[in-house]
Amino acid sequence: MKKSDPFIVETQYYTCCDPPDELVLQSGVKFGPITLAYETYGELNPEKSNAILVCHALSGDAHAAGYHEGDTKPGWWDVVIGPGKAIDTDKYFVISSNVIGGCKGSTGPSSVNPDTGKPYGLSFPMVTIDDMVDAQRHLIDHLGIKKLLAVCGGSMGGSQALAWSIRYPDCLQSAIIIATTPCHNAQQIAFNEVARQAIMSDPDWQEGDYYGKTIPARGLAVARMIGHITYMSDQSMEKKFGRKLIGKERLGYDFNQDFQVESYLKYRGDSFVQRFDANSWLYISKSLDYFNLKAEQSLVEVFSKARSSFLIVSFTSDWLYPTYQSKEMVRALKSNDLDVSFIEINSSYGHDAFLVDNKEVSHILSHYLARISKTLNAV
Amino acid sequence: MRLDYRIILDYVSPKSKVLDLGCGDGTLLSLLIREKSCRGTGIELSEESIYKCVEKGISVSHGDLDSGLSDYSDKRFDYIILNESLQQVLNPKKVLIESLRVGKNIIVGIPNFCYWRARLQIFFRGRVPVTSELPYEWYDTPNLRFLSLKDFRYFCQENSITILKEVGLSQNQIISVRPNLFANNGLFLLTK
């Protein structure tokens, strides 16, 4: 494929876990059927050894790369995935799926409950990161892949990669964990809770029963604004906005918007409402807060189950998932004699650094994957 | 190939597990992996060097040497290499003692601050030495510790560290006569 050709992709759907073979969720609830929206890029080789599963973050979806027919905006990690890019679709078969609980084609609170013919709303069961991964496992089985070359993700995507490495240690050659924590800490839970409260205190939320009615747009927009602040850094906000005013020469001395940063956040909030379901935000943010690899054992004991290689990446300006949390994982992996590479990339973009066009991230990913495929072929 | 690398390759038995502390751009590690079939990993502080290591397909950890060893269990590695890095750590004694815990053998490469040219500069010019091997001014040197080959031998003796092999080097040749005076660098193979 020539570089100039648009990389046109399509979302596909896979349904599994039909009763009586429902997925047993971590909470003990049996749940099914489950539909997963997914996209694939590149070709699976005859040995089925070049598959990479890419996992998305809180607000992501299956559309990680390329363009949907007629769209002007590419997928959320198009800077990294595509022909000739770091995760090179000329070499690798890339799979990206929307998590359960999501709202972009996978079964979630906005999906219709086949038993009632109405959207689940809050009757949707609580799902965890482990549950998301268990559902993905069904998709990977369906695609006939026994061992993934890599499971890769940033933020919540990294949590899923971690869960893969521990739940299905023999199903992956490597785990690529970017801007991730082994356990949501109090501050991370706190931000998520403020975002959830913003949604739940919107009168239009209606205990989650708003489908077909007015959506809790104000609450979800505020939730997104809070989230967005935590994904940036002091430095990146100062550089982007400073105290620049919006459409005026002097302060207004009223409660209309004065600053560019205000209007930017409002824009991000309002546009998010068009593409994301408030209940999905509640469910997925809760799954992140429940994520705790150290719940029952020490991190060293937990990683004793892992078999894959690990690449851990953090960013200097990420104050939401700070480097010390990555280092904690690196230490526990080393204690288990596992192959681990770790780098803290100097970046001013905060937590979202992995999503922006970052030549260091691309460099690390392409070379790391080259090494992992070589080891795999050598075995 | 650099002479110190050649000697280190000679010290290391094939198929060993090696940890290179301060592995730089990973040149030595890739030589050990390629020529001696070693399994190797490194720790390096410089972000730029980390990218070069990853490019070479080496598994490497970003961090400082003073805190990088505590994660490893006893005698995890056959060899720990501290080539031109020991003089740059904050607490060299602790790093060495920790290395001897984690590794069966330690290879240490140090610049010799009592090389004759350095001695002459101190004696005749009354200046802190700046030589081709020690090219830094006092205000920009990464070296935190200044020692001679003799100092290092005394240190080993005092800490009951066995020197298995030792060699002095200068301008890509081995210095066998009075290395503490005529060698720019020293390489030591140690065990405890």
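Just give me the residues in segment B:63-73 being out of contact with any strand residue (DSSP E or B) (no Cβ under 8 Å at 6 or more places or on another chain) and away from chain A (no Cβ under 12 Å), in sequence order.
B:D66 - this is the single residue of segment B:63-73 that is out of contact with any strand residue (DSSP E or B) (no Cβ under 8 Å at 6 or more places or on another chain) and away from chain A (no Cβ under 12 Å).
From A:E344, A:E301, grab the single residue that is acidic (D, E) and surrounded by fewer than 18 Cβ atoms within 10 Å (Cβ to Cβ).
Numbers: A:E344 fails: surrounded by fewer than 18 Cβ atoms within 10 Å (Cβ to Cβ).
The match here is A:E301.
Kindly indicate the residue of segment A:330-341 that is in a helix (DSSP H, G or I) and at the interface with another protein chain (Cβ under 7 Å from one of its Cβ atoms) and also surrounded by the fewest Cβ atoms within 10 Å (Cβ to Cβ) among those meeting that condition.
Only one residue tops the list, namely A:S335.
Does A:K374 satisfy the criteria of being at the interface with chain B (Cβ under 8 Å from one of its Cβ atoms), crowded, with 22+ Cβ neighbours inside 10 Å and either basic (K, R) or over 24 Å from B:T41 (Cα atoms) (or both)?
The answer is no for A:K374.
If A:V356 satisfies all but one of (1) part of a loop (DSSP other than H, G, I, E, B); (2) within 13 Å of another protein chain (Cβ to nearest Cβ); (3) at pLDDT below 95, what's the number of the condition it fails?
Going through (1) part of a loop (DSSP other than H, G, I, E, B); (2) within 13 Å of another protein chain (Cβ to nearest Cβ); (3) at pLDDT below 95 one by one, A:V356 breaks only (2).
Working only within segment A:168-211, note down all residues that are assigned to a helix (DSSP H, G or I), within 22 Å of the chain's Cα centre (by Cα) and more than 23 Å from A:S110 (Cβ to Cβ).
A:P169, A:C171, A:A186, A:Q187, A:Q188, A:I189, A:A190, A:F191
Does A:L365 qualify as being within 13 Å of another protein chain (Cβ to nearest Cβ), assigned to a loop (DSSP other than H, G, I, E, B) and touching a strand residue (DSSP E or B) at 6+ places or on another chain (Cβ under 7 Å)? Before you say what the answer is, go through the steps one by one.
Values: within 13 Å of another protein chain (Cβ to nearest Cβ): yes; assigned to a loop (DSSP other than H, G, I, E, B): no; touching a strand residue (DSSP E or B) at 6+ places or on another chain (Cβ under 7 Å): yes.
Here the answer is no, as A:L365 does not meet what is asked.
Kindly indicate which of A:E296, A:E344 is more than 15 Å from B:G57 (Cα to Cα) and more than 8 Å from every other protein chain (Cβ to nearest Cβ).
Details: A:E344 fails: more than 8 Å from every other protein chain (Cβ to nearest Cβ).
From the options A:E296, A:E344, the qualifying one is A:E296.
Listed here are the residues, each with its yes/no results for (1) assigned by TED's automatic domain parsing to the domain that holds A:I246; (2) at pLDDT 95 or above; (3) outside any helix (DSSP H, G or I); (4) more than 16 Å from the chain's Cα centre (by Cα).
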{"position": "A:Y264", "(1), (2), (3), (4)": "yes, yes, no, yes"}
{"position": "A:Y267", "(1), (2), (3), (4)": "yes, yes, no, yes"}
{"position": "A:V273", "(1), (2), (3), (4)": "yes, yes, no, yes"}
{"position": "A:W281", "(1), (2), (3), (4)": "yes, yes, no, no"}
{"position": "A:E301", "(1), (2), (3), (4)": "no, yes, no, yes"}
{"position": "A:A306", "(1), (2), (3), (4)": "no, yes, yes, yes"}
{"position": "A:F310", "(1), (2), (3), (4)": "no, yes, yes, yes"}
{"position": "A:V313", "(1), (2), (3), (4)": "no, yes, yes, no"}
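Among the residues of segment B:11-31, write down those that are more than 15 Å from the chain's Cα centre (by Cα) and in a helix (DSSP H, G or I).
Within segment B:11-31, B:S30, B:L31 meet the criteria.
Applying the selection to segment B:35-55, what residues are among the basic types (K, R) and away from chain A (no Cβ under 13 Å)?
B:K36
The values are calculated or read from the model by the stated rules, or taken from the named source; none is laboratory data. Just so you know, these numbers come straight off a predicted model, no measurement behind them. For neighbour counting, all protein chains shown are included, and Cβ atoms are generated from backbone atoms with ideal geometry for every residue, glycine included.
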